[in-house]
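Data block below; observations after.
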């Protein structure tokens, strides 16, 4: 083999070796960042010292009321807007009568939910205390019950059960005639209705 031939052969070998070296290098793919959607948190409505609505559908909507009760009451939902009572420090009032039988007075409603507003928080607290004391003097039993994250009073009389309390300048009461639901469930139901009455309806 001549010197020229040997040199050419060596160049071909080096060139091929270079090709092989290039071919063994993996092509680096660009890193595509993983986009993680932000975790969505559903806002849980909270009890607030709310203004008095002018419609019971904004206190406890009938559909939601039936869900909490576990059945649909026959009769109508009737709304009574109360008047101001300066002597009591009361600035507004609404009472919602659920399941009023046809051609029957409001007092025949098996469940009543009411809200009232007062001049200030101490007046509202005092009205609750006076109401509970009056029931206790009439022979009712009274115990504390959870209403959302707050405390209310569960009052049991011969003919009805009620949960009463206040938040800020607003008082609430949810009452039911005895037998509407079993006694072991009535405190929880009334507390849930009271909590809802103090929770503004989303989007309303």
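Given the structure, is residue 81 at pLDDT 95 or above and over 22 Å from residue 184 (Cβ atoms)? So residue 81 fits the description; yes. From the list 107, 152, the one residue that fits, being outside any strand (DSSP E or B), over 16 Å from residue 65 (Cβ atoms) and in contact with a strand residue (DSSP E or B) (Cβ under 9 Å, 6 or more places away or on another chain), is 107.
For the range 173-201, which positions are in a loop (DSSP other than H, G, I, E, B) and over 13 Å from the mean Cα position of the chain (by Cα)? Residues satisfying the conditions are 178, 179, 180, 181, 182.
Okay, residues lined up against (1) touching a helix residue (DSSP H, G or I) at 6+ places or on another chain (Cβ under 7 Å); (2) in contact (Cβ under 8 Å) with a residue 40 or more places away in the chain; (3) buried (at least 19 other Cβ atoms within 10 Å of the Cβ):
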{"position": "48", "(1), (2), (3)": "no, yes, no"}
{"position": "58", "(1), (2), (3)": "no, yes, no"}
{"position": "71", "(1), (2), (3)": "no, no, no"}
{"position": "82", "(1), (2), (3)": "no, no, no"}
{"position": "92", "(1), (2), (3)": "no, yes, yes"}
{"position": "96", "(1), (2), (3)": "yes, yes, yes"}
{"position": "117", "(1), (2), (3)": "no, yes, yes"}
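Condition test on residue 124, is it buried (at least 18 other Cβ atoms within 10 Å of the Cβ), touching a residue at least 40 places away in the same chain (Cβ under 8 Å) and outside any strand (DSSP E or B)? Criteria met by residue 124. Among the candidates 102, 135, the residue that is surrounded by 18 or more Cβ atoms within 10 Å (Cβ to Cβ), in contact (Cβ under 8 Å) with a residue 12 or more places away in the chain and more than 24 Å from residue 200 (Cβ to Cβ) is uniquely 135. Number of residues in the range 157-172 that are under 20 Å from residue 100 (Cα atoms) and more than 24 Å from the chain's Cα centre (by Cα): the value is 2.
The values are calculated or read from the model by the stated rules, or taken from the named source; none is laboratory data. Keep in mind that this is a model prediction, so the values were computed, not measured. As a convention, Cβ positions derive from the backbone with ideal geometry for all residues, glycine included, and neighbour counts pool all protein chains shown.
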